[in-house]
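Asks: Sharing a structure here in structure tokens format.
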Amino acid sequence: MLGTISDFSVSELSLLAELPRYESLRQLARTKKVSVAKLSRLVSDFEARLGCEVLTRNNLGIALTAAGKEVFRRVQDAVTLIDGIEAIRVSENVAHFQNFLNLAGRGFLNITLAGTLAKAVGEWNPHYGIRFIDTSTEETVACALANNLDLSLSLGELDLGKQWTGEAVGELSWCVYARAGHPVFSATETPEQILTRYQFVHQAYWSGQMVVTGRPQTVLSDVKPSVGHAAQTAMTAISLLLHTDMIASLPNVLAHEYTLRGELRPVESLSSPVASPVFLQTHEKISSLLQKKLVADLRSFFKSMKNLE
């Protein structure tokens, strides 16, 4: 009957919901172990009942039409709701996930936000897991452009292509830290003297083509810090601080537990907080219900963290 999809089974809708994740019908058919002909008939029947074209086919594969993007988003939401109802019958201890979302982000962002994100996805659909991938900015962009990514966490919004949308979910503040017994805390020195006397942990990461090093953030932009070891992750930098006389700029959210334990202290003369906006970016194939939940839960997390500062 034209204009309705009520006669489609849940398994058929679930199969259709997967279409935006694949570049061709053949690729989806191979993954789901169905024939290309059967899948093609299903899509054609779906379009006939809706009375509109949801995708175009060419030698390069398939592409969603404008109507198709909205239709498949709604189909994904419907399947998610059905899965949620089905999950009520299933034991709370799910043996394994049936599907995964690929998320790329800087290591310290994944460490900080993994719990919130995992809880949000589990509440949205208990059959979904997340692959947390620690990446540099360049690696995140490359992964997205290769169509291997569903979600991205970054400082500032990245140019991942027209299929992506971004939302600012909060801010992270940074300060300069040193180990609690560092000589900087027993001497009277100017910020300039501190930056030139003590080695500063710099940033280093793989861009996809070469190892890149970056200058650390400090309150004195005109003073070049003394060069120390370089690290890609904040956790590596923390390890260096605990075992050397180096200093480093760290996200306060990660340094917090070390300061509570008396292991790290902020270097007051260099510790005017520098704030960086955190963005969650989602591919258009992601359910709108999930996207809204992730944004809301992350904003709630950052609000609670701000109240602790």
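The values are calculated or read from the model by the stated rules, or taken from the named source; none is laboratory data. Since we're looking at a predicted model, the values are computed, not measured. Please note: Cβ atoms are built from the backbone with ideal geometry, for glycine as well, and neighbour counts cover all protein chains shown.
Asks: Out of all the residues in the range 108-136, which are of a type in the set (Val, Ile, Thr) and free of Cβ contacts under 8 Å to residues at least 40 places away in the same chain?
Replies: Result: Ile130, Ile133, Thr135.
Asks: Another question, if that's okay. Suppose we keep only residues that are part of a helix (DSSP H, G or I) and at pLDDT 90 or above within the range 258-275. Which one would you say is nearest to the chain's Cα centre (by Cα)?
Replies: Within the range 258-275, the match that is nearest to the chain's Cα centre (by Cα) is Tyr258.
Asks: Ok, one more. Going by the conditions given, is Val141 over 30 Å from Lys293 (Cα atoms), crowded, with 17+ Cβ neighbours inside 10 Å and touching a Leu at 6+ places or on another chain (Cβ under 9 Å)?
Replies: Spelling it out, it is not the case that Val141 is over 30 Å from Lys293 (Cα atoms), crowded, with 17+ Cβ neighbours inside 10 Å and touching a Leu at 6+ places or on another chain (Cβ under 9 Å).
Asks: Would you say Gly161 is in a loop (DSSP other than H, G, I, E, B), small (Gly, Ala, Ser) and either under 30 Å from Arg265 (Cβ atoms) or touching a Cys at 6+ places or on another chain (Cβ under 8 Å) (or both)?
Replies: no
Asks: Please find, within the range 157-198, the residue that is surrounded by the most Cβ atoms within 10 Å (Cβ to Cβ) out of those that are within 23 Å of Thr116 (Cβ to Cβ) and out of contact with any Leu (no Cβ under 9 Å at 6 or more places or on another chain).
Replies: Only one residue tops the list, namely Leu158.
Asks: Taking into account only those residues within the range 276-294 that are modelled with pLDDT under 90 and part of a helix (DSSP H, G or I), which is surrounded by the most Cβ atoms within 10 Å (Cβ to Cβ)?
Replies: Ranking the qualifying residues of the range 276-294, first place goes to Leu289.
Asks: Out of all the residues in the range 291-301, which are touching a strand residue (DSSP E or B) at 6+ places or on another chain (Cβ under 8 Å) and farther than 12 Å from Glu167 by Cβ?
Replies: Phe301
Asks: Follow-up question, since we're still on this one. What residue, of Asp245, Asp297, Asp222, is of a type in the set (D, E, K, R) and modelled with pLDDT under 85?
Replies: After applying the criteria, what remains is Asp222.
Asks: With the requirement that a residue be modelled with pLDDT of 80 or more and not small (Gly, Ala, Ser), what does the range 225-240 give you?
Replies: Val227, His229, Gln232, Thr233, Met235, Thr236, Ile238, Leu240
Asks: Starting from residues that are of a type in the set (Ser, Thr, Tyr), under 28 Å from Phe100 (Cβ atoms) and modelled with pLDDT of 85 or more, keep the ones in the range 25-55 and report whichever is surrounded by the most Cβ atoms within 10 Å (Cβ to Cβ).
Replies: Ser40
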